[in-house]
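First the structure, in the form of structure tokens, and then the observations on it.
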Amino acid sequence: MENPWWHSAVVYQIYPRSFADANGDGMGDLRGIIDHLDHIAGLGVDVIWLSPIYPSPQDDNGYDISNYQDIEPILGTLTDFDELLTGVHERGMRLVMDLVVNHSSDEHAWFAESRSAKDSPKRDWYWWRPAREGMEPGTPGAEPTNWGSVFGGPAWEYDPGTGEYYLHIFSKKQPDLNWENPEVREAIYEMMNWWLDRGVDGFRMDVIDHISKTTPLADGAVRPGSLYGDGAPFYMHGPRNHEFLHEMHERVFAGREALLTVGEMPGVTVDEAKLYTDPVRGEVDMVFNFDHVWVDRGADPWLLYPLQLTKLKAIFARWQAGLANKGWNSLYWNNHDQPRVVSRYGDDSPQWRTRSAKMLGAVLHLHRGTPYVYQGEELGMTNYPFESIADFRDIEALGQYTQAVDHEGQTPEAVLTVLRARSRDNARTPMQWDTSPNAGFSTGTPWLTVNPNYTDINAAAAVKDKESVYHFYRQLIRLRQDEPAVVYGDFTMLLPDDERLYAYTRRHGGTELLVIGNFTGEPVRAEIEEAEAWSSAELVLTNAPAPAGLELEPWQVVIYRRQVTS
């Protein structure tokens, strides 16, 4: 497909329970989204991606789905959804749903039937296994394999009713679906077609690289100090993953117009991504890789590692080169699973928050790929000042805290230090709309406490301030829409060994762009080839006064443009 529409698109992610609460129950809802569609449209984005809005027990905030073809009552109704979809389309945007089909909720009718008896017709819809040979079912260590769950504890849950265990890579209330069973796949495809027939414009697919397991399921390697083995080699990028995604494409997406499919794939390599996103193969349009958001992690999960900019640049350079001629990149700093990037890779102090947020946005958006903006990113929202474990709500943070403190010998303060910086709850604090109580998010008690800095950081103030992060993002998005070099230009990394500056060029036809971002709180001169010529080129966008001779102020970014001979 030549130049698909999503090459030049920008996607805005909404985490519904934290976006806007219209009925005052403390939980965001569809009506709240409808009320704020103009804020999103005002950015100039092309697509809205909704995190899950299906019925759910909310063990993992909606990523545990009990009915794939309805709306969670706390969030609204199908009638509300249809009104939202119409409003999105009327504003010239598309709407993408979150698809969570590696696992369901344990309260889904499929699982209720599956666990009812060993001879249930749906028994094989999930991964059931007997206890480890020679061990008493239900006793510690009797689990079929030694795998740990992502959320803490073992990855197997004992079911006394049938005397067997079911697999759950995530929460015990999120049993893994068995994609080896063709009946499971048919039911999923039917559901997906139902949403597309309703007018949905595509899907973001949660941990879609987990759907194919490598059998037989066996014990994984145990990291020093850990209670459990690593099951990832058995459940990530399994032998049939490409087959399943191609089958999905053929059964759901083929023949439909103007859709977007993106697969979340932790640990995916560039070579695998080429296969997943090669349009000739018919799998997905793009993937979410995690390399750049794992760059500040190390061997010890309970230590914080400073950002090493050279490593970050090497990761982006590898992905830009790897997907230059085949496939497509997704570009993101933030989402519902990541801490706020201005607190993580920037400087969220009052002095530098706005400037560093703009720099980070520009450095990301000028890469080749489709950018994703997470709610509040356009305001420069920051991490929350968590004081104790009681402030957290995320099942991942709570489970990991318990495992680390109660079973692995970590001190509470050491674990809290890491959770404060990395917890997913940082991304999930309510959207900051204005200076009214609860930042205008709700007239009730919010499900998660609002960041106290909302009086300074909020949408109302940002929209009024032409120098805000919000308006800078509008300029970035408009530049992508107006300048083909941003979308299709060749990518060349500059200064790969510099720990202070992130610099690269994009070139398309007779246009060349130079992007330089200063990742420090000190002035830095960019020592690049043709520095003098570039310093006199057209300065398209910056977040500080125009530099003299490419000497950038703290956290400054510059985007230059010049015409060149092919």
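The values are calculated or read from the model by the stated rules, or taken from the named source; none is laboratory data. Treat the numbers as computed from the prediction; the structure is a model and nothing was measured. Please note: Cβ atoms are built from the backbone with ideal geometry, for glycine as well, and neighbour counts cover all protein chains shown. Protein only, heavy atoms only, side chains kept; ligands, DNA and RNA dropped before computing areas. Shrake-Rupley method; radii C 1.70, N 1.55, O 1.52, S 1.80 Å.
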- Matching residues in region 256-287 (under 16 Å from PHE203 (Cβ atoms), without any contact (Cβ under 8 Å) to a residue 60 or more places away in the chain and part of a loop (DSSP other than H, G, I, E, B)) number 4
- Note on the structure: Of the candidates SER356, SER349, the one satisfying the condition of being out of contact with any His (no Cβ under 8 Å at 6 or more places or on another chain), of a type in the set (S, T, N, Q) and not in a loop (DSSP other than H, G, I, E, B) is SER356
- Message: Please verify whether GLY42 is in a loop (DSSP other than H, G, I, E, B) and in contact with a helix residue (DSSP H, G or I) (Cβ under 8 Å, 6 or more places away or on another chain), treating the condition exactly as stated.
- Response: no
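Table: residues versus (1) in contact with a strand residue (DSSP E or B) (Cβ under 6 Å, 6 or more places away or on another chain); (2) of a type in the set (Asp, Glu).
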{"position": "MET97", "(1), (2)": "yes, no"}
{"position": "VAL101", "(1), (2)": "no, no"}
{"position": "ASP106", "(1), (2)": "no, yes"}
{"position": "ALA112", "(1), (2)": "no, no"}
{"position": "ARG115", "(1), (2)": "yes, no"}
{"position": "ASP119", "(1), (2)": "no, yes"}
{"position": "TRP125", "(1), (2)": "no, no"}
{"position": "PRO130", "(1), (2)": "yes, no"}
- Apart from one, (1) open to solvent by less than 40 Å² (accessible area, probe 1.4 Å); (2) in contact (Cβ under 8 Å) with a residue 40 or more places away in the chain; (3) over 19 Å from the mean Cα position of the chain (by Cα) all hold for GLN400; the odd one out is (1)
- If you check VAL540 against the conditions, is it touching a strand residue (DSSP E or B) at 6+ places or on another chain (Cβ under 7 Å), in a strand (DSSP E or B) and either open to solvent by 20 Å² or more (accessible area, probe 1.4 Å) or without any contact (Cβ under 8 Å) to a residue 60 or more places away in the chain (or both)? yes
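Table: residues versus (1) touching a residue at least 60 places away in the same chain (Cβ under 8 Å); (2) assigned to a loop (DSSP other than H, G, I, E, B); (3) open to solvent by less than 30 Å² (accessible area, probe 1.4 Å).
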position: ASP498; (1), (2), (3): yes, yes, yes
position: TYR502; (1), (2), (3): yes, no, yes
position: ARG507; (1), (2), (3): no, no, no
position: LEU513; (1), (2), (3): yes, no, yes
position: GLY517; (1), (2), (3): yes, no, yes
position: GLY521; (1), (2), (3): yes, yes, no
position: ILE528; (1), (2), (3): no, yes, yes
position: GLU532; (1), (2), (3): no, no, no
- Message: Against the conditions (1) modelled with pLDDT of 95 or more; (2) more than 20 Å from SER330 (Cα to Cα), where does ARG223 fall short? Just the number, please.
- Response: (1)
- Note on the structure: If we keep only residues of region 200-255 that are at positive phi and part of a loop (DSSP other than H, G, I, E, B), then the residue surrounded by the fewest Cβ atoms within 10 Å (Cβ to Cβ) is GLY255
- in contact (Cβ under 8 Å) with a residue 12 or more places away in the chain, in a loop (DSSP other than H, G, I, E, B) and surrounded by fewer than 21 Cβ atoms within 10 Å (Cβ to Cβ): does that describe ASN61? no
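This table checks each residue for (1) under 25 Å from THR443 (Cα atoms); (2) among the hydrophobic types (A, V, I, L, M, F, W, C); (3) open to solvent by 40 Å² or more (accessible area, probe 1.4 Å); (4) at pLDDT 95 or above.
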position	(1), (2), (3), (4)
SER8	no, no, yes, yes
GLY26	yes, no, no, yes
ASN67	no, no, yes, yes
PRO73	yes, no, yes, yes
THR77	yes, no, yes, yes
- Item | Residue that is nearest to GLY62 (Cα to Cα) [pool: residues in region 381-420 that are acidic (Asp, Glu) and in a helix (DSSP H, G or I)] | GLU396
- Mind listing just one residue for me: the one in region 144-159 that is modelled with pLDDT of 95 or more, assigned to a loop (DSSP other than H, G, I, E, B) and closer than 12 Å to LYS172 by Cβ and, of those, least open to solvent (accessible area, probe 1.4 Å)? ALA155
- Message: With the structure loaded, tell me whether LYS173 is in contact with a helix residue (DSSP H, G or I) (Cβ under 8 Å, 6 or more places away or on another chain) and open to solvent by 20 Å² or more (accessible area, probe 1.4 Å) or whether it fails that test.
- Response: no
- Query: Regarding ASP434, is this residue surrounded by fewer than 19 Cβ atoms within 10 Å (Cβ to Cβ), assigned to a loop (DSSP other than H, G, I, E, B) and out of contact with any Leu (no Cβ under 9 Å at 6 or more places or on another chain)?
  - Reply: yes
- Message: Tell me whether region 346-354 contains one or more residues that are among the hydrophobic types (A, V, I, L, M, F, W, C) and buried (at least 24 other Cβ atoms within 10 Å of the Cβ).
- Response: no
